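The values are calculated or read from the model by the stated rules, or taken from the named source; none is laboratory data. Owing to the predicted nature of the structure, the values given are computational and were not obtained by experimental measurement. Here the Cβ positions follow ideal geometry from the backbone for every residue, glycine too, while neighbour counts run over all protein chains shown. These area figures cover heavy atoms from the full protein model, side chains too; ligands, DNA and RNA do not enter into them. Shrake-Rupley method; radii C 1.70, N 1.55, O 1.52, S 1.80 Å.
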Amino acid sequence: MAQQVQGVIAPGKNEPVRVETIVVPDPGPGEAVVTVRACGVCHTDLHYKQGGINDEFPFLLGHEAAGVVESVGEGVTEVAPGDFVVLNWRAVCGACRACLRGRPQYCFNTHNARQKMTLTDGTELSPALGIGAFAEKTLVAAGQCTKVDPSVSPAVAGLLGCGVMAGIGAAINTGQVGRGDSVAVIGCGGVGDAAVVGARLAGAARIIAVDIDDRKLETAKSMGATHTVNSRSTDPVEAIRELTGGFGADVVIEAVGRPETYEQAFYARDLAGTVVLVGVPTPEMKLELPLLDVFGRGGALKSSWYGDCLPSRDFPMLIDLHQQGRIDLAAFVTETIGLGDVEKAFARMHEGDVLRSVVVFR
């Protein structure tokens, strides 16, 4: 029997979000209903609200979440009621060309629930990244549920569902940072700081954090950055070169998603170095680079999709590292809030006051 719960929707482009009653159907074949315990307020949700992803309003926001499986549909074997899970938006299909080549982290046919959650008047909702977890309960494809150690705080575990995984994965999986490498991270919000953590975890010798906000640079330093550069007052390309013997960094991770900062990343890397774009640009943005420089500098220009992660492999591993005290995922949680505070959380995010506001369900 369908259930009615409270959830946060974005009704239209740039309109304030609001709490509405959401109808969650019983899970069908391959689906699961999850009782949400915590969900981070991610910049991608703000992109949805602003119309920067698509115009399929109204959106049921929230995707960076952890919870407990309440019920499953026919044929579901991956999870069972009572399992503590992190929700992911890469439900690997196992049959697309990427999966068949042994590259499931690039799965091109990820699954979402087939049924739609709705408002009480029948209006269909578009769940953010196929999840929609700013709600007391949500309907997802069972493959979007990744079991992890239930002893970890839901507010911490949920962050692996997007931002923290995106940043750590950008360094480890996409950038393939190695022991002794020099790394620069441009943009020190939640994703950028996670990239700093990933670079440190991979054994980077020098980690240079770049931002225009000294508060963010101090936070990046607490996360493991060895050097900081305020690019409002200092040319970041020159500063990164000076800090790397005049050569540039082995890996530069761009966590802003703007043409200007991408160009800085491109020229701040060493010859044959790697640029990783993990910041999300908006549709109208364009980049212009001399093609001769692209050729002459060699190396690799990569985009990082979800930190090129494989949730079934990476989520439990990172939870284990957190439980062992080797990484501090709790440091990303700036505040815990209620469902009605999401609009204020977007404002705090815009002002740079938080790494993550996390909605916690009591």
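Can you tell me which residue in the stretch 1-19 is surrounded by the fewest Cβ atoms within 10 Å (Cβ to Cβ), limited to those that are more than 25 Å from the chain's Cα centre (by Cα) and not hydrophobic (A, V, I, L, M, F, W, C)? Give the derivation first.
Let us first name the residues in the stretch 1-19 that are more than 25 Å from the chain's Cα centre (by Cα), namely 1-5.
The next check asks that each one be not hydrophobic (A, V, I, L, M, F, W, C); those that pass are 3-4.
Working: Gln3: 15, Gln4: 12.
Among those residues, the one meeting the criterion is Gln4.
Among the candidates Val86, Val69, the residue that is open to solvent by less than 30 Å² (accessible area, probe 1.4 Å), modelled with pLDDT of 95 or more, more than 25 Å from Asp308 (Cα to Cα) and not polar (S, T, N, Q) is uniquely Val69.
Please pick out the residue among Thr282, Thr261, Thr274 that is at pLDDT below 95 and either touching a strand residue (DSSP E or B) at 6+ places or on another chain (Cβ under 9 Å) or within 21 Å of His43 (Cα to Cα) (or both).
Values: Thr261 fails: at pLDDT below 95; Thr274 fails: at pLDDT below 95.
Answer to the check: Thr282.
Restricting attention to the stretch 94-124, and to residues there that are farther than 15 Å from Pro27 by Cα and touching a residue at least 40 places away in the same chain (Cβ under 8 Å), which single residue is most open to solvent (accessible area, probe 1.4 Å)? Among them, the one singled out is Thr120.
The condition (being β-branched (Val, Ile, Thr) and under 18 Å from the mean Cα position of the chain (by Cα)) is satisfied by just one residue among Val185, Val177: Val185. Note on the stretch 286-304: among residues that are in contact with a helix residue (DSSP H, G or I) (Cβ under 7 Å, 6 or more places away or on another chain) and open to solvent by 60 Å² or more (accessible area, probe 1.4 Å), the one that is farthest from Pro259 (Cα to Cα) is Lys302.
Being among the aliphatic types (A, V, I, L, M), in a loop (DSSP other than H, G, I, E, B) and farther than 19 Å from Ser182 by Cα is the filter here, so list the residues in the stretch 277-292 that pass it. Break it down stepwise before answering.
Residues of the stretch 277-292 among the aliphatic types (A, V, I, L, M): 277-278, 280, 285, 287, 289, 291-292.
Still in the list and also in a loop (DSSP other than H, G, I, E, B): 278, 280, 285, 287, 289.
Val280, Met285, Leu287, Leu289, listed by residue number.
Condition first: within 19 Å of Gly338 (Cβ to Cβ) and open to solvent by less than 10 Å² (accessible area, probe 1.4 Å). Now tell me which residues in the stretch 20-33 satisfy that.
Across the stretch 20-33, the qualifying residue is only Ile22.
Within the stretch 62-94, the set of residues being out of contact with any Pro (no Cβ under 6 Å at 6 or more places or on another chain), assigned to a loop (DSSP other than H, G, I, E, B) and over 19 Å from Thr110 (Cβ atoms) comprises Ala80, Pro81, Gly82, Asp83.
One residue alone among Arg313, Arg326 is touching a helix residue (DSSP H, G or I) at 6+ places or on another chain (Cβ under 9 Å), of a type outside the set (A, V, I, L, M), loosely packed, with under 14 Cβ neighbours inside 10 Å and under 30 Å from Gly94 (Cβ atoms), and that residue is Arg313.
Residue pairs whose Cβ atoms lie under 7 Å apart, sitting 6 or more positions apart in sequence or on different chains, and linking a residue in the stretch 125-146 that is touching a residue at least 24 places away in the same chain (Cβ under 8 Å) and farther than 21 Å from Ala345 by Cβ to a partner that is among the polar types (S, T, N, Q) and open to solvent by 10 Å² or more (accessible area, probe 1.4 Å), are Gly130/Asn112; Leu139/Gln115; Ala141/Asn112; Thr146/Ser312. How about the stretch 178-276: which helices (runs of 4 or more DSSP H) wholly inside it have at least 3 residues that are open to solvent by less than 20 Å² (accessible area, probe 1.4 Å) and within 22 Å of Gly298 (Cα to Cα)? Where helices (runs of 4 or more DSSP H) fall fully within the stretch 178-276 and carry at least 3 residues being open to solvent by less than 20 Å² (accessible area, probe 1.4 Å) and within 22 Å of Gly298 (Cα to Cα), they are 236-242, 259-268. Take the conditions (1) open to solvent by 50 Å² or more (accessible area, probe 1.4 Å); (2) over 30 Å from Ala239 (Cα atoms); Leu139 misses just one of them, which is (1). Taking the stretch 28-61 as the range and being within 16 Å of the chain's Cα centre (by Cα) and not in a loop (DSSP other than H, G, I, E, B) as the test, the residues that pass are Ala38, Cys39, Gly40, His43, Thr44, Asp45, Leu46, His47, Tyr48. Being within 24 Å of Ala98 (Cβ to Cβ) and not charged (D, E, K, R) holds for only one residue in Val276, Val252, Val294, and it is Val276.
Listed here are the residues, each with its yes/no results for (1) modelled with pLDDT of 95 or more; (2) within 16 Å of the chain's Cα centre (by Cα).
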| residue | (1), (2) |
| --- | --- |
| Gly296 | yes, no |
| Leu301 | yes, no |
| Trp305 | no, yes |
| Leu310 | yes, yes |
| Thr336 | yes, no |
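Of all residue pairs spaced 6 or more apart or on separate chains, those with beta-carbon atoms under 6 Å, a first member in the stretch 148-166 that is over 16 Å from Val354 (Cα atoms) and a second member that is of a type in the set (Gly, Ala, Ser) and in a helix (DSSP H, G or I) are Val148/Ala157; Met165/Gly307; Ala166/Gly307.
Pairs linking a residue in the stretch 61-90 that is within 22 Å of Val152 (Cα to Cα) to a residue that is of a type in the set (Gly, Ala, Ser) and part of a loop (DSSP other than H, G, I, E, B), with Cβ atoms under 7 Å and 6 or more positions apart or on different chains, are Gly62/Gly132; Gly62/Ala133; His63/Ala133; Ala65/Ala133; Val68/Gly82; Val69/Ala80; Val69/Gly82; Leu87/Ala133.
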